[in-house]
1. In segment 44-68, which residues are closer than 19 Å to residue 8 by Cβ and loosely packed, with under 14 Cβ neighbours inside 10 Å?
2. State all residues of segment 228-246 that are outside any loop (DSSP other than H, G, I, E, B) and within 15 Å of the ligand (Cβ to nearest atom); if no residue qualifies, say none.
3. Farther than 30 Å from residue 187 by Cα and in contact (Cβ under 8 Å) with a residue 12 or more places away in the chain, is that true of residue 95?
4. Report whether or not residue 230 is under 20 Å from the mean Cα position of the chain (by Cα) and modelled with pLDDT under 95.
5. How about segment 170-207: which of its residues are modelled with pLDDT of 95 or more, surrounded by 13 or more Cβ atoms within 10 Å (Cβ to Cβ) and not in a strand (DSSP E or B)?
6. Looking only at residues that are of a type outside the set (Phe, Trp, Tyr) and surrounded by 17 or more Cβ atoms within 10 Å (Cβ to Cβ) in segment 10-27, which one is nearest to the ligand (Cβ to nearest atom)?
7. When segment 141-169 is examined, which residues are found to be in a loop (DSSP other than H, G, I, E, B) and surrounded by 14 or more Cβ atoms within 10 Å (Cβ to Cβ)?
8. Please specify each residue of segment 235-269 satisfying the condition of being under 20 Å from residue 43 (Cα atoms), among the hydrophobic types (A, V, I, L, M, F, W, C) and at pLDDT below 80.
Amino acid sequence: MSQYYKPHRKVDWNYGGPRWRLSRSKIDLFIQCPRCFYIDNKLGTARPPGFPFNLNSAVDKLLKKEFDIHRNDETPHPLMDAYGVDAVPFQHEKMDVWRENFKGVDCFHKPTGFTVSGAIDDVWVNPAGSLHIVDYKATSKDEEVTLDAEWQDGYKRQMEIYQWLFRQNGFIVSDTGYFVYANGKTDVAVFDGKLEFDIKVIPYVGNANWIDDTLLAIYACLNQNEIPKNGEACDYCTYRKAVGEVLQPFIKKDAPGTKEVSPKSKGDVSHEQSLFS
Ligand code: SF4
């Protein structure tokens, strides 16, 4: 097992445990696949994480530094001027907490008893005192960056959850948020140890009306005993099912060194197949 992946977490971190919180990424996991969400949050076994995107993190860090200079000076960043955004980076004593993973901005949702949380990239404030939630994104593609692809719906939900969280904390939040999208250029003559970016500010008008119903659906899911069906467009379970099938002939109950395993025990291939088919 890789040192980075611990499949079974301590029960404190599961739903019902004192450290469990509903992060915005867990909400998105529920939307993508209630089954994975349930296995992760209720049964305590998470899917292996993807490899960290270090270049994206570097872009985030540099953008934060750059916007922080203007936050301290209470001046607009040149990108705000270039894109006609009448705002400055928001100053608040909790800004660093809001931006920290595993902390972030949170609120208590009374109907479900959930603490809902999310870590933002930035917040801007306009002259009327209303906040704009800002998210930094990095990519590298030949075409112009947009928010039009279906897979980017997750970005939009992310923005809407942050807008909702700030409203729950009593802030006046504009429906318009901004994506600061950095696109790594590959059409330069030489690399010369430097990656250059085109940076675009894309406004997005959020609608957080779906969130309350989704939280209630998550509550119902976590309080049922049945394992939900899996979502679509994920290859992990297909892989696990295929592995179960291919290993089936090798499972011999009476083979030396193997124990007969009850069908309900963890690790039994036939049980695995039934769970993941
Ligand atoms: S299909 Fe399987 S692995 Fe993929 S998200 Fe759903 S439960 Fe998780």
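The values are calculated or read from the model by the stated rules, or taken from the named source; none is laboratory data. As the structure is a prediction and not an experimental result, all values here were calculated from the model. With ideal geometry, Cβ positions are generated from the backbone for all residues, glycine too; neighbour counts draw on all protein chains shown.
1. 48, 49
2. Restricting attention to segment 228-246, the residues satisfying the condition of being outside any loop (DSSP other than H, G, I, E, B) are 236-246.
Passing the criteria: 236, 237, 238, 239, 240, 241, 242, 243, 244.
3. Numbers: farther than 30 Å from residue 187 by Cα: yes; in contact (Cβ under 8 Å) with a residue 12 or more places away in the chain: yes.
Spelling it out, residue 95 is indeed farther than 30 Å from residue 187 by Cα and in contact (Cβ under 8 Å) with a residue 12 or more places away in the chain.
4. Values: under 20 Å from the mean Cα position of the chain (by Cα): yes; modelled with pLDDT under 95: yes.
So residue 230 passes the test.
5. 171, 174, 175, 206
6. So the first thing to find is which residues in segment 10-27 are of a type outside the set (Phe, Trp, Tyr), and the list is 10-12, 14, 16-19, 21-27.
Okay, now just the ones that are also surrounded by 17 or more Cβ atoms within 10 Å (Cβ to Cβ), so 14, 22-24, 26-27.
Values: 14: 16, 22: 17, 23: 16, 24: 17, 26: 12, 27: 14 Å.
The qualifying residue nearest to the ligand (Cβ to nearest atom) is 26.
7. Residues satisfying the conditions are 145, 147.
8. The answer is 269, and nothing else.
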